[in-house]
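Notes to accompany the following structure.
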Amino acid sequence: VFALLFLAVVWKQRNSINLERKRSEDLLLNILPKEVAGELKEKGSAAAKSYDRCTVLFTDFKGFTQLSERVTPEVLVEELNHCFKAFDAIIDQYGIEKIKTIGDAYMAVGGLPDPHRGAPADVVKAALEMQEFMKGYKEECLAKGKPFFEMRAGIHTGPVVAGIVGLRKFQYDIWGDTVNTASRMESSGEVGKVNISESTYALVHTAFHCISRGKIQAKGKGEIDMYFVEERNPETKESELQQV
């Protein structure tokens, strides 16, 4: 009897330990990409890596500051959470890595840590779907007499460095001029539009109908060629999109 009781206690403790380990691993994977989390667990650190071609997406909401002054913090966070959860679901479909949110800004990137996932065309498709979601949600809010967000989206493709910095509260982040330019694509865009740079346009123009905006002045960057993505080219097959 004592032996059986001892085995039962050991079995229960082992299950409890395994459950806690799984919770810890799930939490880590919710913060870091799988490959980075694995390296961190194995080595205790994760080295920064350079990527030659990544596609960075930035979004933010028009009039966020003004809206935050009109509603309670609880309502504001609830609305942000509703939108960002929808964005998370969209980018997951395309293998795009969410980097972070800063206030009302949402940042994601395709092409890392696995260069074969999140192609430039996938990031553009995700951005178009985000805009469609925001337009649909605006109609819902208007029907209910609720305040609503309108969104700008900007995309740029180029090299980045990705990794973890610091010792506490790990956060996977990316750095480089590509990130700055993508941010300028967003701030230089228009509500309801997906604004892309020349480098992204060169990679996706066969898959989407785009409108040239010419050279637009961007803060700290001078004049940059920009394009609005109108819609996906219906003649482009899904298999061809995967190669873009």
>> Of the residues Lys125, Lys138, Lys146, only one is of a type in the set (Lys, Arg) and under 14 Å from the mean Cα position of the chain (by Cα); which?
In response: Lys125
>> I'd like the full set of residues that are in contact (Cβ under 8 Å) with a residue 12 or more places away in the chain and part of a helix (DSSP H, G or I), limited to region 67-86.
In response: Leu67, Glu79, Leu80, His82, Cys83, Phe84, Ala86
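How about region 176-244: which strands (runs of 3 or more DSSP E) wholly inside it have at least 2 residues that are at pLDDT 95 or above and of a type in the set (Phe, Trp, Tyr)? First the steps, then the outcome.
Values: elements: 194-197, 208-218, 222-232.
Per the criteria, 222-232.
The rows are residues; the columns are (1) of a type in the set (Gly, Ala, Ser); (2) modelled with pLDDT of 75 or more; (3) part of a strand (DSSP E or B); (4) farther than 30 Å from Glu150 by Cβ.
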position: Asn15; (1), (2), (3), (4): no, no, no, yes
position: Glu20; (1), (2), (3), (4): no, no, no, yes
position: Glu25; (1), (2), (3), (4): no, no, no, yes
position: Leu28; (1), (2), (3), (4): no, no, no, yes
position: Ala47; (1), (2), (3), (4): yes, yes, no, yes
position: Thr55; (1), (2), (3), (4): no, yes, yes, no
position: Asp60; (1), (2), (3), (4): no, yes, yes, no
position: Thr65; (1), (2), (3), (4): no, yes, no, no
> What residue, of Gly110, Gly103, is at positive phi and out of contact with any His (no Cβ under 9 Å at 6 or more places or on another chain)?
Replying inline: Gly103
> Looking at (1) in a helix (DSSP H, G or I); (2) without any contact (Cβ under 8 Å) to a residue 40 or more places away in the chain; (3) over 18 Å from Glu231 (Cα atoms); (4) open to solvent by less than 40 Å² (accessible area, probe 1.4 Å), can you tell me which one Tyr137 breaks?
Replying inline: (2)
>> Filter region 159-175 down to the residues that are open to solvent by 60 Å² or more (accessible area, probe 1.4 Å), in a strand (DSSP E or B) and out of contact with any Ser or Thr (no Cβ under 8 Å at 6 or more places or on another chain) and list them by number.
In response: Trp175
> If you check Pro159, Pro147, which single one turns out to be over 26 Å from Asp122 (Cβ atoms) and touching a helix residue (DSSP H, G or I) at 6+ places or on another chain (Cβ under 8 Å)?
Replying inline: Pro147
>> Anything in region 181-195 that is open to solvent by 20 Å² or more (accessible area, probe 1.4 Å) and within 15 Å of the chain's Cα centre (by Cα)? List them, or say none.
In response: Ser183
>> Which count do you get for residues in region 75-124 that are hydroxyl-bearing (Ser, Thr, Tyr), under 14 Å from Asp60 (Cα atoms) and open to solvent by 20 Å² or more (accessible area, probe 1.4 Å)?
In response: 1
> Which condition does Gln131 not pass, out of (1) within 18 Å of Lys85 (Cβ to Cβ); (2) at pLDDT below 95, if it passes all the others?
Replying inline: (2)
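The values are calculated or read from the model by the stated rules, or taken from the named source; none is laboratory data. Everything numeric in this text was worked out from a predicted model, so none of it was measured. Positions of Cβ are generated from backbone atoms using ideal geometry, with glycine treated the same way; all protein chains shown enter the neighbour counts. To get the accessible areas, we keep the full protein, side chains included, count just its heavy atoms, and leave off ligands, DNA and RNA. Shrake-Rupley method; radii C 1.70, N 1.55, O 1.52, S 1.80 Å.
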